[in-house]
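Q: Structure provided below as structure tokens; questions to follow.
Values quoted throughout were computed directly from the atomic coordinates according to the rules given, and no laboratory measurement underlies them. All of these numbers come straight from a predicted model, not from anything done at the bench. Because the Cβ atoms are built from the backbone with ideal geometry, glycine has one as well, and the counts that use them run over all protein chains shown.
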Amino acid sequence: MSTLATVSIAIGASAATLGLLAGGAAYASRWPGSQIFGRTLIDAPETNALRHTVWLTYDDGPSERNTPALLDLLAKHKTKATFFLIGNHVRKYPELTRRIAEEGHALGNHTDMHPALARKDEALVREELEHCQQTIVDATGMRPALFRPPYGSRRPAVLRIAREMGLTPVLWNVTAKDWQPIGPARILANVNRGMQRNRGRHRISNILLHDASHLDSAEAHSRADTLKVTANLLARSDLRFARVTAPSF
């Protein structure tokens with residue numbers, strides 16, 4: 001074999017190795033089920049033999065356009081959910097944030113401005129979490145114990161900083177994709193597919209939904225499809241609903 005051919009093979013092998021490493025890093029930092037970069041709360045064992053347990057979680061709020069209707073719907077069905085709040089939105093709607101807390105829903109930290117934390121330095125990560133945390137405390141008097149990284153984006157330092165602040169990192173095991181314009185039927189199909197998988201694994205379903213968008217400004221995104229899907233789930237007799245609770249790990 002010629003020297004040129006040997007060098008070409010070596011370069012090709014190196015490129016393939018780098019590709020695998022890059023793919024592995026992307027999986028570790030973004031895939032909700034990955035525990036490679038550190039332990040996160042995804043689900044829990046299913047302990048109810050008759051009804052499947054569901055954690056309804058809503059990201060990116062609060063939203064003046066969507067959150068009140070969602071809270072009305074949850075109250076109608078006497079159901080508690082978990083809201084991962086963006087600090088910037090809490091500052092806009094502190095009274096709405098207080099309503100979420102006063103009605104017994106769990107509050108979570110979803111950063112101050114919704115950046116992809118895996119790409120940020122440690123100082124900014126801490127600033128994002130601390131600003132959001134203090135904003136929620138100022139609005140409600142309650143200090144969240146839960147943290148969901150935007151996009152699921154994290155690395156070991158992100159999870160370490162969250163734990164230093166007393167926050168349990170929470171991901172999810174059902175992706176509704178309700179931020180996409182796919183309509184309530186397809187969103188519900190995504191949810192049902194995920195719940196069926198979790199039933200087979202005897203695990204709780206932790207559903208990622210949205211009552212707002214991190215891009216909301218004066219013109220807020222509609223989450224009417226999310227409300228329709230939520231109403232469908234709440235009407236089912238084969239499901240039971242609970243708030244996310246932080247484990248002792």
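Q: In Å and from the alpha-carbon atoms only, list the Rg and Dmax of segment 204-249.
A: Reported Rg and Dmax, both Å: 14.2, 40.
Q: Taking other Cβ within 10 Å of each residue's Cβ, how do 55, 31 sort, fewest first?
A: Numbers: 55 25, 31 12.
Ordered by Cβ neighbours within 10 Å, fewest first: 31, 55.
Q: Please report, in whole Å, how far the alpha carbons of segment 104-221 spread along each principal axis, starting with the longest.
A: Each principal axis gives a Cα extent; for segment 104-221 these are 40, 38, 33 Å.
Q: Taking the chain as the reference, fit the longest principal axis to its C-alpha atoms, fit the long axis of helix 183-201 to the helix C-alpha atoms, and give the angle between the two in degrees, 0 to 90, nearest 10.
A: That works out to roughly 70 degrees.
Q: Shifting gears a bit: Using just the helices of the chain, give the 222 nm mean residue ellipticity in deg cm²/dmol: DSSP H runs with n ≥ 4 each add -39,500 (n - 2.57), and the total is spread over all residues, rounded to 500.
A: Details: 8 runs with 111 residues, N = 249.
When only DSSP H runs of four or more count, the value is -14500 deg cm²/dmol.
Q: Could you put 51, 148, 155, 203 in order, starting from the residue whose Cβ has the fewest other Cβ atoms within 10 Å? The partial results should precede the final answer.
A: Details: 51 13, 148 29, 155 20, 203 17.
Result, fewest neighbours first: 51, 203, 155, 148.
Q: Can you tell me the convex hull volume per residue for the chain, based on C-alpha atoms, in Å³ to the nearest whole number? Could the numbers behind the result be given before it?
A: On the way: hull volume 40.5 nm³, N = 249.
Convex hull volume per residue, Cα atoms: 163 Å³.
Q: From Cα pairs below 8 angstrom and at least 6 apart in sequence, can you work out the relative contact order of segment 121-179, rounded to a whole percent? Please list the in-between numbers first.
A: Details: 40 pairs, mean separation 20.1, N = 59.
RCO, segment 121-179: 34 percent.
Q: List the lysines whose Cα lies under 18 Å from the Cα of residue 76, skipping any in the same chain that are fewer than 8 positions away.
A: The reachable lysines, counting only those whose Cα sits under 18 Å from residue 76, are 228.
Q: For helix 67-76, what angle does its Cα long axis make with the longest principal axis of the chain, in degrees from 0 to 90 and rounded to 10?
A: So the inclination is approximately 60 degrees.
Q: Only Cα pairs within less than 10 Å get springs; with that Gaussian network setup on the chain, which residue of 117, 159, 239 has the largest fluctuation?
A: In this elastic network of the chain, the residue with the biggest mean-square fluctuation among 117, 159, 239 is 239.
Q: Sort 243, 119 so that the residue with the fewest other Cβ atoms within 10 Å of its own Cβ comes first and the one with the most comes last.
A: Numbers: 243 17, 119 11.
Final ranking by Cβ density, sparse to dense: 119, 243.
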